[in-house]
Amino acid sequence: MALVEDNNKGRPSRAPFSEWFWPAVSTALKTLGSIAVTLVGLLFVTFIIGRVMPIDPVLAIVGERASQSTYDAVYDQLGLDKPLIVQFLYYLWDVLHLDFGTSLLNARPVSEDIARVFPATLELATLGIIFGVVLGVPLGVLAAVRKGSWIDQVARVVALVGYSMPIFWLGLMGLLIFYGILGWVGGPGRVGIFYVDVVPSVTGLILVDAALDGNWDVFKNAFSHIILPASLLGYFSLAYISRMTRSFMLEQLSAEYITTARVKGMSEWNVVWKHAFKNIRVQLITVIALSYANLLEGSVLTEIIFSWPGIGSYITTALLSADMNAVLGGTVVVGLIFILLNIFSDLLYKVFDPRAK
Amino acid sequence: MNAFNRLLTGAAIGLAVSVTSFAAFAETPANMLVIAHRIDDVTTIDPAESFEFAGSDISRNVYSRLVNLDPMDLGAGYQPDLATSWDVSEDGKTITFTMREGVTFHSGNPVRAEDAAFSLQRAVILNKTPAFILAQFGFTPENAMETIRAEGNQLIITTDQRYATSFVLNCLTATIGGIVDKETVMANEVDGDMGNTWLKTNSAGSGPYKLDGWQPNESVTLSSNPDYYGGAPAMERVIVRHVIESASQRLLLERGDVDIARNLNPEDVAGASSADGVVISDELKGRLMYLALNQQHPELSKPEVRQAFKYLIDYEGMQNSFLNGQYTIHQNFLPATYLGASEDNPFTYDVEKARELLAAAGVENLEIEIGVREAQERIEIAQSFQNSAAQVGITVNITVGTAKQILERYRARELDVYLGAWGPDYPDPQTNAGTFAYNPDNSDEANATGLLAWRNSWDTGGLTEKVAAAVTEGDRDTRVQMYLDIQEEFRETSPFVVMFQQIEQSALRDNVTNWSTGQAVTSAAYWQVTK
Amino acid sequence: MAETQTLRQWLLTDTPSSRRHAKLSALYQGWLSFRANTMAMIGLWILVVLVLVAIAAPLIAPHDPFVQSLGDRLAPLGTEGHVLGTDSLGRDILSRLIYGARITLYIVALVALIAPVAGLLVGTVAGYVGGWTDTVLMRITDIFLAFPRLVLALAFVAALGAGIENAVLAISLTAWPPYARIARAETLTIRTSDYISAIKLQGAGPLRIITKHIWPLCISSLIVRVTLDMAGIILAAAGLGFLGLGAQPPSPEWGAMISEGRRFILDHWWVATMPGLAIFTVSLAFNLLGDGLRDVLDPKAGE
């Protein structure tokens, strides 16, 4: 439940949509339209925030010792002399042509930067969600089946502690203990310094690239670096996923058909997994998708603590140095992911959940 | 890049063979120097534009200059680099450099006088941030082609008036004096930018190292230039890895993952120095930590109040606690080791004295805002000052912001008090005298945001003229005395409370020798380092 | 009263004598089932203690939280006079934690007031009015939901300047959309109910219906959600403080204390550890309480 790692937000609205009955094309168009509106709104809000920020982008570029003529030249070059709305429209036009502009602070195309930092976040979030699902779902099911038992209590405590822990603090302690004192894991960063750029970058995911290249030393090293931050993120999504699984399961287990099945003498295993669990799959996927979206949004604090060059720390750094092209580009990508995962889970509902029809 | 990959793979495999677990002590390869450093300030590596610390480190190793400072003997001042000799004309306005023969750029192109002329012209015409270093000699984008020109093997520059030759040459040792490969740069020109866009992320120099890659906020990799005219450097690869946290840098160093950690805080220096195989190297840097009082403030502009603040700093207490080993008390605007720098530090922490001065000025219930950027030691200095000020009834509100936020308000003359740092731009006393004690037009309209005196609305009380006189004085001893006099007056009358001078503490593996971060006068050099 | 029946019996009656009696009775029964929940009671007690500590801070803090003593800096745990040690400027960590409780409570209280009210307003209006208003309001909600939350908060604080009040506003800004969704969903189910139709027939205007009839019905689900979110708010505030964008020095805000202490993590671990434990304890208490409250107020969701 930490701010970035919050898994609760954006619960999909379950209100039945009459649009379901319309032709599929119309639905698709509408969806695309709403994505576009949301994205433009997102950009606009970010744009405005960037402009009212008391950081002068020109100063951010030229530094404190520049002469006035240097300053003026950059001011004009950035187009800051034009009205705000004109600047925004220019920006939108470029975005439509998939041009996110150049980062003001490192002179590279923003798209290139994002292509570099996003895989780092993707790798971390994916591993994190795998931890969360692999451990969280069975724990939730078990807690529901053995409601009130010690297992249920343990699951509850595990989840509550997860909700209550400041991740940046836990990260620091984890680094101190597992890296500093015990030396069990790799330190901050994605990979040890001698392993940087060793394997050709195909996907940008170091673990995958190393495996493709068959270079298991790199793989081992990268894994030793990712394991701690991924476990931390995994723990936070585990907390959420196990709680949600438990409550979904309880709902099913109290349903009439389960009682019937039990009366019929069906084994407990079959009752739990073949019937109850089968029925919560769609709900569960929604929860997991949202949890994943939140991890993908960039777990800013985790990335900062672990010097992880991901999109969260990229946006944050850019923001604090008034590099608005970078902030806008990053926000679009992150916003788009969130929206797409939301739509994906909505769709799942409509297609598979009989109650939504 | 491929050769580099292979080499690294080789290193990695070698390492994997010798290392059985993650925790085991690793050692960097003998021909490779690995440095943990904060490099997030690098925004460009074009020598005509680069102006930040980490960027200057790259430039110093990639670009040779006309004259340069020897990392093994920085006290000797500027030495021949790409220029082997120079002559000054009778009127002192024209300097003729003779270029070194047989030197080539990394591209293989020969280094010619034409390249040198192009590099300086380019810096003046592009008019990026550091251009003022050259512009102060009267070079403008309009006259650059006439005042800077090549003739055969000679480069001839003509200044607008007589300046101390040492002043001109000192300025040419700065990053902006880097000589670029004209042919390569112009081949990459886009829209008449003189190759600026390309050079921001690529290099075209003739220095001891060439740039393999710069990943923003991740790493800088350099490989040695085997054809360097001064001999190929011992370290064939240099990797500078961006590591923010001091604790992380220390762990990497103690584990042998890096050879040098450059941003350890005092506690980690103390901790690391007791670790096996780690030594600490101290170098006095040029950066000063100071408080500035805005003279538009009705109370802060009273002479007694300015004086009182100089007694409200717990100089000793801070130097011996959280600044331990990294800052030393220094109360003059010229950093120690600079020509003419004063060593007098007359002010001590004296609350009683401050109270008397404030009473004499009739100041009561003063409440002021101090702007600080979010760097831990600065926030702590601010809090220590807040604590002292509270004892004489002054309420200090601390505003912390990013460097850029605070700077902007400072430049707009909005802050009551600014707590900041200032580092010299080139190794000549004018670099600081010309900003702390020089302010020809104190009006708001002048908008001389580059001058610290102007930012604090201080008319300098006559120091401006003295500074202007000192910079044209040809006699070295006379010049030194002039700066000593200026500093003495400045100490007593100025609204600046200069407090500390920085000491850079690098923690090194004990097999690293000849490490130099450039002391107060320049940046880090790698080519003389051996292991 | 005592002669005929005890207060307890009166509260537990099956045959309430008035509407007020019935309400009180229901509340009391809720309290009883809440009290049976040990973990929730632990949470409640921690929070009660926290509030008391915050109120009595000047009385119980052993030192002034702002007084520096550079000679005694970074004293370890258990040092005489400094049970939890001292920080980089020689300030007593225990005293700073105690005063920091005030800041934490202040932030939580303000956000808990602002965000749900804003969400309630947007959600009920959208749900009740429907049509274009609904579309526009929900689109805005979606936009804010699609923002990375900490980034939005960061941007906001960066725009307005660092400080507690701005941090509170920033957190509220990121916290309201889920409330708006909940309120809208509740409104949609209530709006079509016979009960509302009946009131409408009596001639009540939309404003009156929303404020007098819809809001009260939305509030219980919002309260549960707010309590569960409290921990998130504390963590968010601490995160901002950690990034230097929350409370300004020398304020003893817990997140800022961790940030100050992390420099010494290797040799003086307690400086960052103690405030971390404080944050953890308080947010855990809120979670325990919220969990218990949900069981009482909204049994279906908890079971």
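The values are calculated or read from the model by the stated rules, or taken from the named source; none is laboratory data. Since we're looking at a predicted model, the values are computed, not measured. Note: ideal-geometry Cβ built from the backbone for every residue, glycine included; neighbour counts use all protein chains shown.
Some notes on this structure:
- Of the set (1) closer than 24 Å to residue A:31 by Cα; (2) surrounded by fewer than 22 Cβ atoms within 10 Å (Cβ to Cβ); (3) touching a residue at least 40 places away in the same chain (Cβ under 8 Å), all apply to residue C:179 but (2).
- Segment C:58-83, residues that are away from chain B (no Cβ under 14 Å) and surrounded by 17 or more Cβ atoms within 10 Å (Cβ to Cβ): C:61, C:82
- Residues (under 24 Å from the mean Cα position of the chain (by Cα) and within 18 Å of residue A:188 (Cα to Cα)) located in segment A:205-220: A:205, A:206, A:207, A:219
- Failed condition for residue C:292, given (1) at the interface with chain A (Cβ under 9 Å from one of its Cβ atoms); (2) touching a residue at least 24 places away in the same chain (Cβ under 8 Å); (3) surrounded by 24 or more Cβ atoms within 10 Å (Cβ to Cβ): (1)
- Entry remark, segment A:44-72: residues being at the interface with chain B (Cβ under 7 Å from one of its Cβ atoms) and among the hydroxyl-bearing types (Ser, Thr, Tyr) number 3 in total.
- Test: residue in segment C:157-165 that is without any contact (Cβ under 8 Å) to a residue 40 or more places away in the chain, within 10 Å of chain A (Cβ to nearest Cβ), among the hydrophobic types (A, V, I, L, M, F, W, C) and surrounded by fewer than 24 Cβ atoms within 10 Å (Cβ to Cβ): yes
- So residue A:110, is it touching a strand residue (DSSP E or B) at 6+ places or on another chain (Cβ under 8 Å) and crowded, with 22+ Cβ neighbours inside 10 Å: yes
- When residue B:525 is tested against (1) over 21 Å from residue B:68 (Cβ atoms); (2) crowded, with 22+ Cβ neighbours inside 10 Å, just one condition goes unmet, and that condition is (1).
- Just one residue in the set B:435, B:464 is of a type outside the set (Phe, Trp, Tyr), within 20 Å of the chain's Cα centre (by Cα) and in a helix (DSSP H, G or I); that residue is B:435.
- One residue stands out in segment A:187-207 among those that are touching a residue at least 40 places away in the same chain (Cβ under 8 Å) and not β-branched (Val, Ile, Thr): the one that is nearest to the other protein chains (Cβ to nearest Cβ), namely A:188.
- The set of residues from segment A:147-166 being within 9 Å of another protein chain (Cβ to nearest Cβ), assigned to a helix (DSSP H, G or I) and farther than 30 Å from residue A:308 by Cβ comprises A:153, A:156.
- For residue B:288: the one exception among (1) hydrophobic (A, V, I, L, M, F, W, C); (2) more than 13 Å from chain A (Cβ to nearest Cβ); (3) out of contact with any strand residue (DSSP E or B) (no Cβ under 6 Å at 6 or more places or on another chain): (3)
- For residue C:68, the criteria (1) in a helix (DSSP H, G or I); (2) at pLDDT below 90 hold in every case but one, which is (1).
- Top-ranked residue of segment C:253-274 - restricted to ones that are facing chain A (nearest Cβ under 8 Å) and either among the aromatic types (Phe, Trp, Tyr) or buried (at least 23 other Cβ atoms within 10 Å of the Cβ) (or both), ranked as nearest to the chain's Cα centre (by Cα): C:255
- Scanning segment B:183-224 for residues that are farther than 29 Å from residue B:258 by Cβ, in contact with an Asp or Glu (Cβ under 7 Å, 6 or more places away or on another chain) and surrounded by fewer than 23 Cβ atoms within 10 Å (Cβ to Cβ) returns a single hit, B:196.
- Against the list (1) crowded, with 21+ Cβ neighbours inside 10 Å; (2) touching a Phe, Trp or Tyr at 6+ places or on another chain (Cβ under 9 Å), the condition residue C:114 fails is (1).
- Residues of segment A:309-327 satisfying the condition of being away from chain C (no Cβ under 11 Å) and more than 14 Å from the chain's Cα centre (by Cα): A:309, A:323, A:325, A:326
- Residue ID - farthest from the other protein chains (Cβ to nearest Cβ), chosen from residues in segment B:404-422 that are surrounded by fewer than 21 Cβ atoms within 10 Å (Cβ to Cβ), in contact with a strand residue (DSSP E or B) (Cβ under 8 Å, 6 or more places away or on another chain) and over 17 Å from residue C:159 (Cβ atoms): B:416
- Qualifying residue in segment A:195-205 (condition: within 20 Å of residue A:179 (Cα to Cα), surrounded by 24 or more Cβ atoms within 10 Å (Cβ to Cβ) and not small (Gly, Ala, Ser)): yes
- Residue A:169 being buried (at least 20 other Cβ atoms within 10 Å of the Cβ), free of Cβ contacts under 8 Å to residues at least 12 places away in the same chain and either of a type in the set (Lys, Arg) or more than 8 Å from chain B (Cβ to nearest Cβ) (or both): yes
- Residue list for segment A:206-223, restricted to those being out of contact with any helix residue (DSSP H, G or I) (no Cβ under 9 Å at 6 or more places or on another chain) and within 21 Å of residue A:117 (Cβ to Cβ): A:212
- Listed conditions (1) on the phi > 0 side of the Ramachandran plot; (2) assigned to a helix (DSSP H, G or I) are all met by residue C:90, apart from (2).
- The condition (being farther than 30 Å from residue C:98 by Cα, at pLDDT 80 or above and either surrounded by fewer than 17 Cβ atoms within 10 Å (Cβ to Cβ) or within 14 Å of another protein chain (Cβ to nearest Cβ) (or both)) is satisfied by just one residue among C:250, C:206: C:206.
- Those helices (runs of 4 or more DSSP H) lying entirely in segment A:23-83 with at least 1 residues within 26 Å of the chain's Cα centre (by Cα): A:24-52
- Test: residue in segment B:96-107 that is surrounded by fewer than 23 Cβ atoms within 10 Å (Cβ to Cβ), part of a strand (DSSP E or B), in contact with a Phe, Trp or Tyr (Cβ under 9 Å, 6 or more places away or on another chain) and hydrophobic (A, V, I, L, M, F, W, C): no
- For residue A:175, the conditions (1) at the interface with another protein chain (Cβ under 9 Å from one of its Cβ atoms); (2) within 30 Å of residue B:215 (Cα to Cα); (3) surrounded by fewer than 21 Cβ atoms within 10 Å (Cβ to Cβ); (4) in contact (Cβ under 8 Å) with a residue 40 or more places away in the chain all hold with the exception of (3).
- Failed item in (1) assigned to a helix (DSSP H, G or I); (2) of a type outside the set (A, V, I, L, M); (3) without any contact (Cβ under 8 Å) to a residue 12 or more places away in the chain, with residue B:171 passing the rest: (3)
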